[in-house]
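**Student:** Could you have a look at this structure, given as structure tokens, before my questions?
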Amino acid sequence: DFAAVRYHTSGSLDGSFSRDGKQTTSFGINDDALARAVIQQKDGKLVVVGSSDDGIDRDVAVARYLQNGNLDSSFSGDGKVLTDFGGADDIATGVIQQYDGKLLVSGFSSTGETFLVRYHSNGSLDADFGNAGKLTVAATNALVMNSMVQQADGQVVVAGYTYSAGK
């Protein structure tokens, strides 16, 4: 399950977050989800990204929480969304909220491709981005995108690492 914990500045658990300071979220398929990154949106909501096993492969998993730690039902109806790039393990490693409020998620696939996927604030894919909300980049060497930032001009810079055998 995804796990999120909120602490006070003193280091003690914040009991106003999910009653005990801790929140776990199951995506319900095989209950094998890994959280990899978290952001706080401008409105205070939290977005956690990673992956979840759907019984076939790992898919991009995104969950959005209200400030009290409960899932935000205005996001995809239940606060959670899974996105599959098809036939491989897809693992989200980064997320930003763009200036227009959309969420941009980066990650990598077991096929050696990296990807970006963009969601509207309601959790639906943004069809105006890439191919129906998804953009894949084939790499000659394994490429992992870990971090992103949106510049003042709206462009996005993505950073990560690449490697190849013997180098």
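The values are calculated or read from the model by the stated rules, or taken from the named source; none is laboratory data. This one's a predicted model, so the numbers in the text were calculated from it and none came from an experiment. Heads up, the Cβs are rebuilt from the backbone with ideal geometry, glycines too, and the neighbour counts pull from every protein chain shown. Note: accessible area is taken over every heavy atom of the protein model, side chains too, but ligands, DNA and RNA are not part of it. Shrake-Rupley method; radii C 1.70, N 1.55, O 1.52, S 1.80 Å.
**Student:** For residues that are β-branched (V, I, T) and open to solvent by 60 Å² or more (accessible area, probe 1.4 Å), scanning just region 125-147, find the one that is modelled with the highest pLDDT.
**Tutor:** The initial filter retains those residues of region 125-147 that are β-branched (V, I, T), namely 136-137, 140, 144.
Imposing the further condition that a residue be open to solvent by 60 Å² or more (accessible area, probe 1.4 Å) reduces the set to 136-137, 140.
Working: T136: 89, V137: 82, T140: 61.
Residue satisfying both the conditions and the ranking: T136.
**Student:** Under 7 Å by Cβ, and 6 or more places apart or on different chains, what pairs join a residue from region 85-109 that is under 15 Å from V49 (Cα atoms) with one that is of a type in the set (D, E) and buried (at least 22 other Cβ atoms within 10 Å of the Cβ)?
**Tutor:** D90/D59; G107/D90; S109/D90
Rundown of residues vs (1) in a loop (DSSP other than H, G, I, E, B); (2) under 17 Å from the mean Cα position of the chain (by Cα), yes/no style:
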{"residue": "S52", "(1), (2)": "no, yes"}
{"residue": "R64", "(1), (2)": "no, yes"}
{"residue": "Q67", "(1), (2)": "yes, no"}
{"residue": "F75", "(1), (2)": "yes, yes"}
{"residue": "R118", "(1), (2)": "no, yes"}
{"residue": "S147", "(1), (2)": "no, yes"}
{"residue": "V158", "(1), (2)": "no, yes"}
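**Student:** Something else about it: Please determine, by comparing only the residues of region 77-98 that are assigned to a loop (DSSP other than H, G, I, E, B) and modelled with pLDDT of 95 or more, which one is farthest from A4 (Cα to Cα).
**Tutor:** Only one residue fits best here, namely Q98.
**Student:** Give G55, G44, G21, G28 a once-over and let me know the one that is modelled with pLDDT of 95 or more, open to solvent by less than 70 Å² (accessible area, probe 1.4 Å) and over 24 Å from Q151 (Cα atoms).
**Tutor:** Step by step, each of G55, G44, G21, G28 is checked, and only G21 is modelled with pLDDT of 95 or more, open to solvent by less than 70 Å² (accessible area, probe 1.4 Å) and over 24 Å from Q151 (Cα atoms).
**Student:** A3 - would you say it is within 17 Å of the chain's Cα centre (by Cα) and under 20 Å from M148 (Cβ atoms)?
**Tutor:** no
**Student:** Additional query: Go through region 110-146 and count every residue that is in contact with an Asp or Glu (Cβ under 8 Å, 6 or more places away or on another chain) and within 16 Å of G50 (Cα to Cα).
**Tutor:** 4
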